[in-house]
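The structure under discussion appears below in the form of structure tokens.
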Amino acid sequence: LPISKFKYGGHIEAGTHVALDLYKGKSFFYLNQSQLQNGFSHIRSDLNRITLAFYFFDIVKKTTDMEQHNRPLFDLLLESLHAINTPQHALDDIKQQFYLHFLSIEGLLSEGQTHITEQDFKTRFEDYCGRPLQLKPTHFS
């Protein structure tokens with residue numbers, strides 16, 4: 001096993017929320033310590049929830065640069081992951097709220113707008129960042 005996976009218990013992987021203690025070397029970061037904050041177990045056990053979480057990751061990744069600080073966008077992503085992880089929450093509602101809050105944070109939401117279609121979001125997103133959305137979220141029921 002790689003040392004990092006053994007030393008840090010394998011909790012450093014996509015879809016988990018971890019607190020990291022890093023220090024910067026000459027060309028990359030070194031990991032001193034990590035602590036699992038939330039493993040999002042309900043997301044990991046449902047393909048629709050995994051798909052939606054990775055769709056949100058893709059949106060955030062395409063609109064931020066490496067080491068760019070954007071606390072409101074991080075908070076939106078974390079709140080959305082908590083919502084996706086709650087089995088009682090409807091995924092279509094979570095997606096709609098994510099779209100509206102994302103557009104608001106990025107200054108792209110029209111005043112008074114309370115709903116957005118999938119296609120309108122995709123168009124605004126691609127016009128804004130110049131990158132297409134590769135993942136296609138399905139209709140969740």
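Could you check how many residues of the stretch 21-76 are among the hydroxyl-bearing types (Ser, Thr, Tyr), surrounded by 15 or more Cβ atoms within 10 Å (Cβ to Cβ) and in contact with a strand residue (DSSP E or B) (Cβ under 9 Å, 6 or more places away or on another chain)?
1
When residues of the stretch 77-88 are filtered for being crowded, with 19+ Cβ neighbours inside 10 Å and charged (D, E, K, R), how many remain?
0
Among the residues of the stretch 89-110, write down those that are of a type in the set (D, E, K, R) and open to solvent by 50 Å² or more (accessible area, probe 1.4 Å).
ASP93
If the Cβ limit is 8 Å and pairs must be 6+ apart or interchain, which residue in the stretch 61-77 that is touching a residue at least 40 places away in the same chain (Cβ under 8 Å) pairs with which residue that is open to solvent by 40 Å² or more (accessible area, probe 1.4 Å)?
That search, which allows pairs on different chains as well, returns LYS62/ARG131; THR63/TYR128.
The values are calculated or read from the model by the stated rules, or taken from the named source; none is laboratory data. This one's a predicted model, so the numbers in the text were calculated from it and none came from an experiment. Reconstructed Cβ throughout: ideal geometry from the backbone, glycine too, with neighbour counts over all protein chains shown. Heads up: the accessible areas ignore ligands, DNA and RNA and are worked out on the full protein's heavy atoms, side chains in. Shrake-Rupley method; radii C 1.70, N 1.55, O 1.52, S 1.80 Å.
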